[in-house]
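To start, the structure under review is shown below, and the notes come after it.
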Amino acid sequence: LEGETGLKELEKVCWVLDFCDVKVNESCGFHVHMDASGFSMETWKNLAINYKHLESVIDSFMPGSRRNNRYCRSLSRISESNITAADTIGDLQRVFENQRYYKLNLEAYSRHRTVEFRQHGGTTNYTKMEKWIRFLNGLVIFAKTGNLPARTRLESFPFLDDTEKLFFKLR
């Protein structure tokens, strides 16, 4: 699904899921793939570093089951200097131990030409999905031009507006 049209399609799917009374549990995840076919190495590195720097804030609005489990591992042990030293996507994938089970999955690029975000808990709630997708889109766009310092607070995320910041703060 792509763009606003894709979000409208997702909303319809969520209506059907609601109508069918579909349920999720803590073993479910909502994984989002974003097109990465045009990423420069700088974008890849910025994205990895930014996610690492923002991880504790993102954790604060995710369910406990999605903060660090075997299917969406923390980036806390990934070395920032190793990320910075990577020259190719293959180098960067090796920094992530060629594993897809990190909150930020770089392995998806080899097969799908995407970057996969694995952290969000399973949901059938369209608003949660839509806000998370927009959050990730902002993060990816921002990674094309810059880095955020470690311990950046939610209030300082440059890719969110005040309404989006409030949504995540209230989660």
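Just so it is clear, none of the values below were taken in a lab; they were calculated from the coordinates. Note that this is a predicted model, so its numbers are computed, not measured. Counting neighbours? That spans all protein chains shown, and the Cβs are built from the backbone with ideal geometry, glycine included.
Between ASN98 and THR145, what length in nm is gained on full extension when 0.36 nm per residue of separation is reduced by their alpha carbon distance?
Numbers: separation 47, 0.36 × 47 = 16.92 nm, distance 2.57 nm.
Full-extension gain reported as 14.4 nm.
Would you kindly derive the ³J(HN,Hα) couplings of segment 86-94 from the backbone phi angles with the Karplus curve 6.51 cos²θ - 1.76 cosθ + 1.60 (θ = phi - 60°), listing them in order in whole Hz, with x for Gly and Pro?
For segment 86-94, the Karplus-derived couplings read 5, 9, 9, 4, x, 4, 5, 4, 5 Hz, x marking Gly and Pro.
Placing unit charges on C-beta atoms (Lys and Arg positive, Asp and Glu negative, everything else neutral), compute the dipole magnitude of the chain about its Cα centre in debye, rounded to 20.
Rounded to the nearest 20 debye, it is 520 debye.
Among the trypsin sites (Lys or Arg not before Pro) in segment 88-131, which ones are in a DSSP loop with at most 13 other Cβ atoms within 10 Å of the Cβ? Mind listing them?
Passing both the DSSP loop test and the Cβ count: ARG113.
Could you give the size of the charge dipole of segment 121-165 about its Cα centre, using +1 on the Cβ of each K and R and -1 on the Cβ of each D and E, expressed in debye and rounded to the nearest 20? Don't skip to the answer; put the middle values down first.
Working: 7 positive and 5 negative charges, 34 e Å.
So the magnitude is around 160 debye.
Taking GluC sites (Glu not before Pro) as exposed when DSSP calls them loop (any state but H, G, I, E, B) and at most 16 other Cβ atoms lie within 10 Å, what is the longest stretch of the chain free of them, the sites themselves excluded?
Numbers: sites that count: GLU2, GLU26, GLU97.
Longest run free of exposed loop sites: 98-171.
Could you list which residues have their amide H under 5 Å from that of GLY121, counting only those 5 or more apart in sequence or on another chain, with H placed in the peptide plane?
PHE30
For ARG73, list long-range residues whose amide hydrogen, built 1.01 Å from N in the peptide plane, is under 5 Å from its own amide hydrogen.
TYR102, LYS103
With only Lys, Arg, Asp and Glu charged, each at its Cβ (+1 for the first two, -1 for the last two), find how big the charge dipole of segment 63-134 is about the Cα centre; round to the nearest 20 debye. Write out the running numbers ahead of the final one.
Working: 14 positive and 7 negative charges, 88 e Å.
Taking the Cα centre of segment 63-134 as origin, the dipole is about 420 debye.
Nearest 500 deg cm²/dmol is fine: what mean residue ellipticity at 222 nm does the chain get from its DSSP H runs of n ≥ 4 alone, each adding -39,500 (n - 2.57), divided by its residue count?
Details: 7 runs with 82 residues, N = 171.
So the calculated ellipticity at 222 nm is -15000 deg cm²/dmol.
Which residues among segment 39-76 fall inside the zone where the amide N is under 13 Å from a point 7 Å beyond the Cα of THR84, along Cα→Cβ?
46, 49-50
Residue by residue, what Karplus-based ³J(HN,Hα) values in Hz, rounded to whole numbers, does segment 68-82 have, using 6.51, -1.76 and 1.60 with θ = phi - 60° and x for Gly and Pro?
Each residue's phi maps through the Karplus curve to give 6, 10, 5, 9, 8, 6, 5, 8, 4, 8, 7, 6, 4, 5, 5 Hz.
In sequence order, what are the phi-derived ³J(HN,Hα) couplings for segment 34-45 according to the Karplus relation 6.51 cos²θ - 1.76 cosθ + 1.60 with θ = phi - 60°, rounded to whole Hz, with x for glycine and proline?
Listing the rounded values in order: 10, 4, 10, 4, x, 5, 7, 4, 4, 4, 4, 5 Hz.
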